[in-house]
Amino acid sequence: MIHPLDPAKVQQHLHHKVYTLNTTPETASTNDDAKALAAHGAAQYTVIQAEYQTGGKGRLGRSFYSPRGTGLYFSIILRPEALPIEDTLFITTAAAAAVADAVESVCGKVCGIKWVNDLFMEGRKICGILTEAAFRPDLKGLSYAVLGIGVNIAPPEGGFPEDLQHIANTIYDDPAALPADLRERLLAAILDRFYEYYIQFPKKAFLEPYRSRSILTGKDVTVHRGSSQYPAHVVGIDDRCRLILEHDGQQTLLDSGEVSIRF
């Protein structure tokens with residue numbers, strides 16, 4: 001088991017001292033905790049981190065497996081007042097680029113990004129990202145957004161459940177071999193990099209790092225939207241972070257839904 005995260009050490013490693021870090025040994029969902037705080041006026045850059053989640057959340061109503069002492073699970077409260085609703089996808093994609101940058105700089109490991117919110121290493125998932133937002137009454141912007149990130153750092157005791165063994169991966173194979181202060185340094189690096197991308201959203205500095213790590217570009221995929229699915233070829237990712245697809249001889253743009261690689 002990895003030692004509990006030390007908030008003071010995270011602050012030591014942070015370059016951008018804008019974050020307020022709250023830690024808890026256990027919670028149902030850091031995203032739910034952050035949403036409750038945000039609804040009651042909690043400041044932007046408030047972070048909720050837990051050692052263990054009993055009800056970790058993924059996209060499309062799925063759960064995110066969050067075993068005790070082997071991962072990094074946290075949520076950030078954001079108040080992107082000037083961000084148009086149609087550009088909220090930037091939050092998730094900037095976070096994916098930030099995590100990939102941090103894993104490479106802190107851990108020396110390279111990971112790819114599966115549109116829109118998953119990071120992969122050696123063909124299996126090491127990180128999931130979920131952004132949830134509340135809209136202003138006039139629907140002209142966001143009241144707040146909550147960005148949840150879960151990173152699999154080392155295997156849980158006894159390994160992953162059978163249904164995740166061929167899906168989930170970890171950055172390190174052995175919890176006992178982790179470098180000192182690894183989680184503190186990785187969390188600080190993710191927070192720092194995300195902040196740098198976030199404050200310059202109009203410049204889309206995250207876009208090229210995100211695109212360059214895409215594991216879908218050039219691949220044949222199956223697109224899943226609601227109860228329907230269809231085959232397509234991924235051409236790339238546009239400036240709005242939508243997936244560019246070729247389907248039935250035409251190009252289309254995908255801004256929601258899910259895709260799986262066809263083998």
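The values are calculated or read from the model by the stated rules, or taken from the named source; none is laboratory data. Computed from a prediction, not measured in an experiment: that's the story for all the values here. Cβ coordinates were reconstructed from backbone atoms using ideal geometry, including for glycine residues, and neighbour counts include every protein chain displayed.
Residues that are part of a loop (DSSP other than H, G, I, E, B) and farther than 23 Å from ARG213 by Cα: does the range 107-121 have at least one? There is no residue in the range 107-121 that is part of a loop (DSSP other than H, G, I, E, B) and farther than 23 Å from ARG213 by Cα. Just to be sure before I move on: is LEU130 more than 20 Å from the chain's Cα centre (by Cα), surrounded by 15 or more Cβ atoms within 10 Å (Cβ to Cβ) and not aromatic (Phe, Trp, Tyr) in the structure I sent? Judged against the criteria, LEU130 is not a match. Taking the stated definitions as given, is LEU207 assigned by TED's automatic domain parsing to the domain that holds ASN22 and more than 29 Å from LEU83 (Cβ to Cβ)? Answer is no for this residue.
Scan the range 159-175 and report the pairs whose first residue is closer than 20 Å to LEU119 by Cβ and whose second residue is among the hydrophobic types (A, V, I, L, M, F, W, C) and part of a loop (DSSP other than H, G, I, E, B), with Cβ atoms within less than 6 Å and a gap of 6+ or a chain change. Every condition considered, the pairs that remain are ALA168/PHE160; THR170/ALA154; ILE171/ILE153; TYR172/ALA154; TYR172/LEU178; PRO175/ILE2; PRO175/ALA154. Taken as a whole, the condition of being out of contact with any strand residue (DSSP E or B) (no Cβ under 8 Å at 6 or more places or on another chain) and either closer than 28 Å to GLY158 by Cα or part of a helix (DSSP H, G or I) (or both) applies to TYR197. Residues satisfying the criterion are present in the range 9-21 (criterion: part of a strand (DSSP E or B), touching a Pro at 6+ places or on another chain (Cβ under 8 Å) and either in the same structural domain as HIS224 (by TED's automatic domain parsing) or modelled with pLDDT of 95 or more (or both)). On inspection, ALA82 passes the criterion of being surrounded by fewer than 18 Cβ atoms within 10 Å (Cβ to Cβ) and at pLDDT below 95. Just one of the listed residues (VAL234, VAL146) is in contact with a Lys or Arg (Cβ under 7 Å, 6 or more places away or on another chain) and assigned by TED's automatic domain parsing to the domain that holds GLY123, and it is VAL146. A residue that is in contact with a Gly (Cβ under 8 Å, 6 or more places away or on another chain) and either at positive phi or β-branched (Val, Ile, Thr) (or both) occurs somewhere in the range 236-253.
So that you can scan it fast, the table gives a plain yes or no per residue for (1) part of a loop (DSSP other than H, G, I, E, B); (2) of a type in the set (Phe, Trp, Tyr); (3) under 21 Å from ILE215 (Cβ atoms); (4) at pLDDT below 90:
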| site | (1), (2), (3), (4) |
| --- | --- |
| GLY55 | yes, no, no, yes |
| PHE90 | no, yes, yes, no |
| ALA102 | no, no, yes, no |
| ILE129 | no, no, yes, no |
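Scanning the range 146-169 for residues that are crowded, with 23+ Cβ neighbours inside 10 Å and among the small types (Gly, Ala, Ser) gives GLY148, GLY150. Residues in the range 5-22 that are surrounded by 13 or more Cβ atoms within 10 Å (Cβ to Cβ) and not hydrophobic (A, V, I, L, M, F, W, C): ASP6, PRO7, LYS9, GLN11, HIS13, HIS16, TYR19, THR20, ASN22.
Taken over the range 46-59, the residue count meeting the criterion of being out of contact with any Lys or Arg (no Cβ under 9 Å at 6 or more places or on another chain) and either surrounded by fewer than 19 Cβ atoms within 10 Å (Cβ to Cβ) or among the hydroxyl-bearing types (Ser, Thr, Tyr) (or both) is 5. Evaluated against (1) in a helix (DSSP H, G or I); (2) more than 15 Å from VAL116 (Cβ to Cβ); (3) in contact (Cβ under 8 Å) with a residue 12 or more places away in the chain, VAL235 falls short on exactly one condition, (1).
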